[in-house]
Amino acid sequence: MDFETIIGLEVHVQLNTKTKIFCSCATSFGDIPNTNVCPTCLGLPGALPVLNKEALKKAISFGVAINATINQDSIFARKNYFYPDLPKAYQISQFEKPIVGLGSINIEVDGEIKKINITRAHLEEDAGKNIHQSDYSQVDLNRACTPLLEIVSEPDMRSAQEAIAYLKKLHSVVRFIEISDANMQEGSFRCDANVSIRPLGDKNLYKRVEIKNLNSFKFIQKAIDYEVERQIESWRSGNYDKEIIQETRLFDTQKGITRGMRDKEESADYRYFPDPDLLSVHIPQDLLDEASNIGELPEDKLNRFINELGIKKDDAKTLISSLEMARFFEDMLDSGASIKNSVTWLNVELLGRLKGDINLQNCGITAQGLGILVKRIDEGKINGKSAKEILDSMLKQRNNDVDFLIKSLGLEQIDNDDMIISTIDSILSANSDKVNEYKSGKDKLFGFFVGQVMKNLKGVNPVKVNEILKEKLK
Ligand SMILES: [Zn+2]
């Protein structure tokens with residue numbers, strides 16, 4: 001029997017506001033524990049939450065990016081549960097009437113475009129963090145009350161590969177519209193995966209297992225693959241009813257398996273009710289208009305690069321692989337570099353030299369610096385070989401002064417015809433025997449003459465040397 005996999009994803013994106021969602025404490029990551037706290041985010045009696053307008057704006061921008069219905073009237077609700085990192089014993093979230101209603105994004109898997117529907121996206125506050133030591137635990141409430149956007153998809157994905165494509169697309173969208181740094185290591189973009197299986201052709205939905213808190217694409221893929229395999233095996237061995245329960249599981253990254261954590265709560269367990277401390281939200285038209293101005297989405301940028309700039313699809317995909325890349329490339333063009341050479345020198349030459357922990361942001365090369373290097377190639381001031389040497393020096397010295405490096409490395413391409421002609425003349429007269437051999441048919445000697453000229457005139461334009469030599473040897 002063949003099976004079909006059904007995957008729905010819930011993604012938590014931490015919004016990059018300066019302050020928390022219901023108080024004015026800072027949201028910065030990695031500060032000394034319990035320093036960014038106040039009566040509101042500590043949940044002290046009498047402290048009242050006030051909604052951060054920036055968080056609301058960013059949620060709306062996301063809704064616009066996925067072509068969703070924006071609910072101009074929405075409400076906050078209390079989600080009640082007890083946990084040490086949740087000082088109020090409830091989380092302020094949204095249940096009925098979320099800010100963002102039904103929308104969708106397109107993903108591409110194996111060259112095929114598929115639409116994934118997004119049920120909703122709502123604002124909520126994050127909880128604090130429990131830090132478990134060997135024989136005790138500590139609670140850090142710096143993260144409590146930081147703004148999250150929870151994005152809930154329909155169960156539209158049919159493989160781990162589609163789930164990853166969806167997540168990468170979502171990651172890229174929130175980065176391009178700059179509502180989150182989406183840093184997965186810091187937990188600013190994390191995912192819960194709901195996974196179930198059914199016999200192919202069956203239209204029923206069976207028991208759904210939720211795998212919690214996945215924060216790397218690699219682990220998400222592994223966790224889903226493992227879970228699908230586990231469910232199929234128990235179905236095949238006739239133990240599905242007994243072994244598979246609707247529950248929450250955690251992925252053990254060391255062993256590569258999922259493990260039961262607790263029974264999955266249903267929404268009734270959380271006793272949602274409207275938060276009486278917060279007014280209902282009405283989004284005025286001017287805020288809606290302002291938040292709708294989201295800049296260019298990754299897909300639109302890709303299409304523009306291909307259709308308007310004439311860049312090959314694979315190259316364009318590399319260029320939009322991150323906001324930093326796209327920006328770097330566009331800044332190179334702004335510094336006057338040609339499109340074709342910019343693509344090569346960014347995608348191939350610079351990226352090819354970045355190894356290990358070195359990336360575009362920390363390599364020390366600026367878009368302006370690489371742009372000028374490309375411009376000098378475009379102008380014929382340096383040739384490709386010299387440019388590679390210069391780029392190596394730029395990286396090594398973290399120096400973006402291209403013109404200084406061209407001079408100090410003595411790599412200025414010699415384009416002066418008189419100089420090339422006189423050098424060629426003296427080389428030909430010093431090697432008259434070889435000239436005669438060449439003229440009597442020993443074509444291979446042409447390379448020898450070129451080599452001699454290049455040696456005598458370091459940095460000479462090889463195209464010109466070839467042209468003039470051919471003329472002289474006729
Ligand atoms: Zn606070």
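Taking other C-beta atoms within 10 Å as the exposure proxy, Lys439, Lys381 rank Lys439, Lys381 from fewest upward.
Residues whose amide H falls under 5 Å from that of Ser188, counting only those 5 or more places apart or on a different chain, are Asn183, with hydrogens built in the peptide plane.
In order along the stretch 246-261, the phi-based Karplus estimate (6.51 cos²θ - 1.76 cosθ + 1.60, θ = phi - 60°) of 3J(HN,Hα) comes to 6, 8, 9, 10, 10, 8, 8, 5, 6, 8, x, 10, 9, 9, x, 10 Hz; Gly and Pro are listed as x.
Using the charge dipole of the chain (Lys, Arg: +1 at Cβ; Asp, Glu: -1 at Cβ; taken about the Cα centre), state which of Ile32, Thr423, Ile245 has its Cα farthest towards the positive end. The listed residue farthest towards the positive side: Thr423.
May I ask you to derive the relative contact order of the stretch 417-473, considering only C-alpha pairs under 8 Å and at least 6 residues apart, and to give it as an integer percent?
Across the stretch 417-473, relative contact order equals 42 percent.
Going by neighbour counts of Cβ atoms within 10 Å, the residues Cys191, Cys145 line up, fewest first, as Cys191, Cys145. Shown in residue order for the stretch 80-87 are the 3J(HN,Hα) couplings computed by the Karplus curve 6.51 cos²θ - 1.76 cosθ + 1.60 at θ = phi - 60°: 8, 7, 10, 7, x, 8, 10, x Hz (x for Gly and Pro). For a paramagnetic label modelled at 7 Å from the Cα of Leu44 toward its Cβ, which residues of the stretch 1-37 fall within the zone defined by backbone nitrogen distances under 16 Å? Within reach of a label on Leu44: 23-26, 34-37. Rounded to 0.05, the FRET efficiency of the Lys18 and Ala430 pair, given R0 = 56 Å and the Cβ-Cβ distance, is 0.20. Among the cysteines of the chain, those whose beta-carbon sits 4.7 Å or more from every other cysteine beta-carbon are Cys23, Cys25, Cys38, Cys191, Cys363. Counting neighbouring beta carbons within 10 Å and listing from fewest to most, the residues Tyr136, Tyr270 come out as Tyr136, Tyr270. Here the chain is treated with +1 on each Lys and Arg Cβ and -1 on each Asp and Glu Cβ, and its dipole about the Cα centre works out to around 1160 debye. Around the Cα centre of the stretch 211-335, unit charges on the Cβ atoms of Lys, Arg, Asp and Glu (plus for the first two, minus for the last two) sum to a dipole of about 860 debye. Straight-line cross-link reach from Lys407 at under 26 Å between alpha-carbon atoms covers these lysines, not counting any fewer than eight positions away in the same chain: Lys340, Lys375, Lys381, Lys385, Lys388, Lys396, Lys455, Lys458, Lys464. Multiplying the residue separation of Val348 and Asn80 by 0.36 nm and removing their Cα-Cα distance gives an extension gain of 91.2 nm. If R0 equals 45 Å, the separation of the Cβ atoms of Asp241 and Leu395 corresponds to a calculated FRET efficiency of about 0.15. Full extension of the segment from Asp417 to Ala26, taken as 0.36 nm per residue of separation minus the current Cα-Cα distance, would add 134.3 nm.
Placing +1 at every Lys and Arg Cβ and -1 at every Asp and Glu Cβ, with all other atoms neutral, what dipole size does the stretch 298-408 have around its Cα centre, in debye to the nearest 20?
340 debye
Annotation for Asn67 and Asn106: the two label points, set 7 Å from Cα along the Cα-Cβ direction, are 0.8 nm apart. A protection proxy built from the mean count of other Cβ atoms within 10 Å ranks the segments 95-103, 424-432, most packed first, as 95-103, 424-432.
What is the gain in length, in nm to one decimal, between Glu437 and Lys203 on full extension, counting 0.36 nm per residue of separation less the C-alpha to C-alpha distance? Extending this stretch completely gives an extra 76.0 nm. Using the Cβ-Cβ distance between Asn303 and Ala89 with R0 set to 45 Å, the FRET efficiency works out to roughly 0.40.
Coordinate-derived values only; no laboratory data. Quick caveat, the model's predicted, so the values are computed rather than measured. Note: ideal-geometry Cβ built from the backbone for every residue, glycine included; neighbour counts use all protein chains shown.
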